[in-house]
Amino acid sequence: MYSALLVAAMIITAIETFIMHVPVTRDGIADSTHSITHWGMPGVMIYTDAGQIGYGFTGTHAHLASDRLITSCIAQCYGELLLGENPLEIEKLWSMMAYNPPLQWVGRAGIMTMALAAVDIALWDLKAKVAGEPLWKTLGGSEDAEVEMYNTDGGWLNFELQMLVDDAKRLVEEEGYRSIKMKVGKEDFTEDIRRVEAVRAAVGPGVKLMTDANGRWRMPLAAEVAGRLKDYDVEWIEEPLWHDDVRGHTELAAAIKTPVALGEMLYSLAQFQEFIAAGAVHFVQPDATRLGGISEAWQVSDAAHAAGLPVSPHAGDMAQAQAHLSLAHPGISLLEFIPWIKDCFVEPLRIETGSLRSPEQPGAGTTLRASALERFGKPSA
Ligand SMILES: [Mg+2]
């Protein structure tokens, strides 16, 4: 009589992992602590008896041995928990994975969390595909939502000054970005100041300029350098100190005029709550690929929003899936973008004059082109 009642719940029938190493847009890029030639994408495809496939991934240094730890965790630890389960019950599955006693014992950050992120994103991709709509809609977002994108791909620390300035001008004048980020943390900090001064002079006063030290400095040097950034109307200083240093960031945030941004190296809601409660952060930067996926990044965004702090996700996914989170969450109006992997997807992100165009296809935007897998794929464990 009621046909809907006769339809059996959808179940997960198989999971398959993948690893892709996608070249960055130039020969190689560097910040103060990392230098890379490729972006790593260990991920998962979740198959169901209804035919839909969910795609999820995390973002790495493109180091095959450690990427394989992530895919092996997905396949061997989470895989056995997921088979036969209803993929639409995301909260239940998330808890089964995150609070599983033997798994929790071996890792509540890093590999286990990044593997969880890939699975969670794939589950959200599936849920939106089943609903026949883009994920931002499934998450409650509006057609009218506006998200500004800031570009990080022009500001690398290994660029000579002229290239840095030329790239900043190109992003603003030709591509229409209203916000850009540049790296700091040179051996000689006076060089950082000269570079920031040159970029500010090149783009003019109306452009938001963010800076990022990637955890390089220690006190009191951090206070000295970050203190001088106010002269160039810098929007924020990101990760000025070592990632876990709550006390140091609290002291620094109180001592300088430039706001502090951080979060890309935090792997749990609890860690974010510590920084927020201590007043150690002004711009909160969850990353769904390092936290436990969209599910936990949403909770972090809620916590920050409730504390009155703006949220601007860090793009371990190069914004591909977090575009949906950002369009839907009330605390997010600014999102990081780097263009390296966008063409790997069936629906690449579209950005016009620095604003995100809402994705239209069903899912989280994570469905890969077969050609990308063929071209950039590496054997996963
Ligand atoms: Mg950063």
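The values are calculated or read from the model by the stated rules, or taken from the named source; none is laboratory data. Remember, predicted model here, so these are calculated numbers, not experimental data. Here the Cβ is made from the backbone with ideal geometry for all residues, glycine too, and neighbour counts use every protein chain on show.
Could you look through the stretch 6-26, keep only residues that are in contact with a Ser or Thr (Cβ under 7 Å, 6 or more places away or on another chain) and away from the ligand (no atom under 16 Å from the Cβ), and pick out the one that is nearest to Leu164 (Cα to Cα)?
Restricting to residues being in contact with a Ser or Thr (Cβ under 7 Å, 6 or more places away or on another chain) and away from the ligand (no atom under 16 Å from the Cβ), the top hit is Pro23.
Among the numbered criteria (1) more than 20 Å from the chain's Cα centre (by Cα); (2) assigned to a loop (DSSP other than H, G, I, E, B), which single criterion is violated by His249?
Status for His249: all satisfied but (2).
So which residues in the stretch 160-185 are away from the ligand (no atom under 16 Å from the Cβ), touching a residue at least 60 places away in the same chain (Cβ under 8 Å) and in contact with a helix residue (DSSP H, G or I) (Cβ under 8 Å, 6 or more places away or on another chain)?
Passing the criteria: Tyr177, Arg178.
Evaluate the following for Val225: is it hydrophobic (A, V, I, L, M, F, W, C), within 15 Å of the ligand (Cβ to nearest atom) and assigned by TED's automatic domain parsing to the domain that holds Val284?
Here the answer is no, as Val225 does not meet what is asked.
Residue by residue, here is whether (1) in contact with a Phe, Trp or Tyr (Cβ under 8 Å, 6 or more places away or on another chain); (2) among the basic types (Lys, Arg) holds:
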| residue | (1), (2) |
| --- | --- |
| Lys208 | yes, yes |
| Ala270 | no, no |
| Gln273 | no, no |
| Ile294 | yes, no |
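Report every pair of residues separated by at least 6 positions or lying on different chains whose Cβ atoms are under 6 Å apart, first residue within the stretch 254-267 and touching a residue at least 60 places away in the same chain (Cβ under 8 Å) and farther than 13 Å from Val225 by Cβ, second away from the ligand (no atom under 14 Å from the Cβ) and of a type outside the set (Phe, Trp, Tyr).
Within 6 Å, the pairs are Tyr267/Ala109; Tyr267/Thr113.
Mind checking which residues of the stretch 308-326 are buried (at least 24 other Cβ atoms within 10 Å of the Cβ) and of a type outside the set (Gly, Ala, Ser)?
Val311, Pro313, His314, Asp317, Met318, Gln320, Gln322, His324, Leu325
Is one or more of the residues making up the stretch 151-158 in a strand (DSSP E or B), within 25 Å of the chain's Cα centre (by Cα), hydroxyl-bearing (Ser, Thr, Tyr) and surrounded by 15 or more Cβ atoms within 10 Å (Cβ to Cβ)?
Scanning the stretch 151-158 turns up no residue that is in a strand (DSSP E or B), within 25 Å of the chain's Cα centre (by Cα), hydroxyl-bearing (Ser, Thr, Tyr) and surrounded by 15 or more Cβ atoms within 10 Å (Cβ to Cβ).
In this structure, is Arg228 outside any loop (DSSP other than H, G, I, E, B) and either at negative phi or modelled with pLDDT under 95 (or both)?
yes
Check Glu143 against each of (1) surrounded by fewer than 18 Cβ atoms within 10 Å (Cβ to Cβ); (2) touching a residue at least 12 places away in the same chain (Cβ under 8 Å); (3) closer than 24 Å to Ala226 by Cα and name the one condition it does not meet.
(3)
Quick test for you: out of Glu191, Glu296, Glu235, pick the one residue that is away from the ligand (no atom under 16 Å from the Cβ) and either touching an Asp or Glu at 6+ places or on another chain (Cβ under 8 Å) or part of a strand (DSSP E or B) (or both).
None of the others qualify; the one that does is Glu296.
All but one of (1) touching a Gly at 6+ places or on another chain (Cβ under 9 Å); (2) more than 23 Å from Gly292 (Cα to Cα); (3) not aliphatic (A, V, I, L, M) hold for Gly155; state the number of the condition that does not hold.
With (1) touching a Gly at 6+ places or on another chain (Cβ under 9 Å); (2) more than 23 Å from Gly292 (Cα to Cα); (3) not aliphatic (A, V, I, L, M) applied to Gly155, the lone miss is (1).
Please determine whether any residue of the stretch 277-293 is under 23 Å from Gly54 (Cα atoms) and assigned to a helix (DSSP H, G or I).
The answer is yes, given that some residue of the stretch 277-293 is under 23 Å from Gly54 (Cα atoms) and assigned to a helix (DSSP H, G or I).
Within the stretch 356-381, track down each residue that is under 17 Å from the mean Cα position of the chain (by Cα) and over 22 Å from Lys127 (Cα atoms).
Across the stretch 356-381, the qualifying residue is only Leu356.
Taking the stretch 236-293 only, how many residues are in contact with a strand residue (DSSP E or B) (Cβ under 9 Å, 6 or more places away or on another chain), closer than 19 Å to Thr60 by Cβ and not acidic (Asp, Glu)?
Qualifying residue count, the stretch 236-293: 6.
Can you pull out every residue in the stretch 166-184 that is within 11 Å of Asp153 (Cβ to Cβ) and of a type in the set (A, V, I, L, M)?
Result: Ala168, Leu171, Ile180, Met182.
Listed here are the residues, each with its yes/no results for (1) of a type outside the set (A, V, I, L, M, F, W, C); (2) under 23 Å from Ser179 (Cβ atoms); (3) away from the ligand (no atom under 15 Å from the Cβ).
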residue: Glu239; (1), (2), (3): yes, yes, no
residue: Trp242; (1), (2), (3): no, no, no
residue: Val246; (1), (2), (3): no, no, yes
residue: Glu251; (1), (2), (3): yes, no, yes
residue: Pro259; (1), (2), (3): yes, yes, no
residue: Glu264; (1), (2), (3): yes, yes, no
residue: Gln271; (1), (2), (3): yes, no, yes
residue: Ala278; (1), (2), (3): no, no, yes
